[in-house]
Amino acid sequence: MGQFPLTLGRFISQKQADDQGASGGLPGLLVQVGLVGKLIAQDLRRAGLLNILGTTGQINVQGETVKKLDEIANETFVKVFEQNGLVCALASEELEKPVLFPENWPQTKYMLLFDPLDGSSNTDSNMPLGAIFSVVRFESKDRMPTEDALARKGTEQVAAGYLLYGSSTMLVYTVGQGVHGFTLDPGIGEYLLSHESILIPARGKVYSVNEGNYQKWAAGTKQYVEYLKIFDTATRRPYSGRYSGCLVADVHRILLDGGIYLYPGELAKPEGKLRLLYEANPLALVVEQAGGRASTGTMRIMDVEPKQLHQRVPLLIGSSNDVRDAEEFIQGKRPGG
Ligand code: AFP
């Protein structure tokens with residue numbers, strides 16, 4: 001009989017066994033993120049039948065309308081992690097303040113930051129959704145983590161990844177030893193290894209951006225997107241536009257096939273829309289581990305020094321050559337294309 005695909009738990013434990021430096025709690029933490037994914041996927045599969053679509057009537061800390069599924073996804077993350085003792089702090093896009101678990105410290109030093117439901121505008125139209133997570137460690141011997149301990153540079157992440165609720169439910173993660181993808185088999189309730197050691201092509205032919213914002217962009221961003229549309233077979237242009245409204249879905253496509261996703265800064269909002277700590281940093285770690293690049297347009301995402309928990313950052317992410325091209329346009333180094 002052929003080899004049965006590796007489950008998430010077995011794969012992570014095997015990888016951890018190979019890496020003497022890894023400490024115990026991380027595999028369990030990642031498996032628990034997988035559990036959150038199973039619980040949320042179950043709701044999403046029947047969302048139209050459960051009266052969980054639409055909005056709650058609330059506005060979140062981001063000033064955005066809260067969808068019922070945002071709240072359900074956030075509650076699922078918090079409930080799973082307040083019960084498993086695997087983290088000493090949680091930070092969520094949906095919560096203004098972090099949730100601290102002093103009872104779990106110092107047994108566990110891990111802290112989890114997450115966007116519980118990415119792509120909320122897609123909830124009622126059965127379009128792709130995701131979740132993004134980042135893990136950092138709190139090393140102090142003599143004090144509990146506070147909010148400032150969560151605001152760490154992307155280079156300090158010990159793990160990161162995402163859940164993708166698409167035609168399949170997938171979990172993609174990295175602990176700094178490559179990027180691995182698992183597909184949920186709903187029949188047995190297990191994530192099975194489906195994409196081992198993902199590597200992103202150095203260049204793609206897809207760009208993913210909301211062109212409705214075109215008039216808000218600085219000249220360099222406009223010039224780059226216009227450049228992608230010019231016919232030139234030598235540089236495989238024009239690129240194809242693909243934009244789902246879900247960062248996770250668009251970045252996943254680019255991770256596998258190559259290309260670039262952009263949510264650039266705007267003249268009136270130079271910081272852009274996406275969050276550094278629980279959107280840009282985790283996806284930057286995944287994409288860099290797969291051989292790609294993630295930039296603000298002027299610097300590496302993972303080198304950005306955080307100032308506060310929910311800070312925004314412009315994001316260009318994907319194939320290294322595509323992101324470098326975009327940076328050169330944005331930095332005014334290629335006015336002529
Ligand atoms: P929502 O979760 O509020 O829908 O935002 C989704 C997102 O953060 C990211 O997943 C999308 O790529 C991007 O914002 C869509 O933003 P626009 O609707 O402004 O293009």
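State, as an integer percentage, the relative contact order of the chain based on alpha-carbon contacts under 8 Å between residues 6 or more apart. Intermediate results must be reported in sequence, preceding the final value.
Values: 708 pairs, mean separation 52.9, N = 337.
Relative contact order here is 16 percent.
The distance from the alpha carbon centre of the stretch 277-309 to that of the stretch 191-245 is 18 Å, rounded to a whole number.
Summary of the geometry: the stretch 95-144 and the stretch 310-327, compared by the centres of their Cα atoms, lie 23 Å apart. Beyond 30 Å in Cα-Cα separation lie the following of the pairs Lys79/Lys307; Lys141/Lys269; Lys79/Lys205; Lys205/Lys273; Lys67/Lys216; Lys67/Lys97: Lys141/Lys269; Lys79/Lys205. Taking the chain as a Gaussian network of alpha-carbon nodes connected by springs under 10 Å, the highest mean-square fluctuation of the residues Ala249, Ala290, Ala149 belongs to Ala149.
Exposed loop sites, defined as trypsin sites (Lys or Arg not before Pro) outside DSSP H, G, I, E and B with at most 15 other Cβ atoms within 10 Å, are absent from the longest region of the chain, namely 47-140.
Restricting attention to the stretch 111-158, which GluC sites (Glu not before Pro) occupy a DSSP loop and are surrounded by at most 15 other Cβ atoms within 10 Å?
On the way: sites: Glu139, Glu147, Glu156; in loops: Glu139.
Filter output for the stretch 111-158: Glu139.
Computed from backbone phi with θ = phi - 60° and the Karplus coefficients 6.51, -1.76 and 1.60, the 3J(HN,Hα) list for the stretch 265-270 is x, 10, 4, 8, 9, x Hz; x is used for glycine and proline.
Extending 7 Å from the Cα toward the beta-carbon at both Ala218 and Leu49 defines two label points whose distance is 5.1 nm.
The HN-Hα couplings worked out from phi for the stretch 32-41 by the Karplus form 6.51 cos²θ - 1.76 cosθ + 1.60 (θ = phi - 60°) are 5, 4, x, 4, 4, x, 5, 5, 6, 4 Hz, whole numbers, x standing for Gly and Pro. If you sort the three axes of the alpha carbon gyration tensor as a ≥ b ≥ c, you get a/c under 1.5 for the chain, which makes it rounded.
Name the shape class, rounded, prolate or oblate, that the alpha-carbon gyration tensor gives for the stretch 251-337, where a ≥ b ≥ c are the square roots of its eigenvalues, rounded holds for a/c under 1.5, and otherwise prolate holds if a/b is larger than b/c and oblate otherwise. Oblate. Straight-line cross-link partners of Lys15 among the lysines, defined as a Cα under 27 Å from its Cα and at least 8 positions apart when in the same chain: Lys38, Lys109, Lys153. The calculated FRET efficiency for the pair Asp257 and Thr146, based on their C-beta separation and a Förster distance of 45 Å, comes to about 0.60.
Every number here is computed from the coordinates shown, using simple stated rules; none is lab data. Computed from a predicted structure; not experimentally measured. A quick note on method: Cβ atoms are made from the backbone with ideal geometry, for glycine too, and the neighbour counts reach across all protein chains shown.
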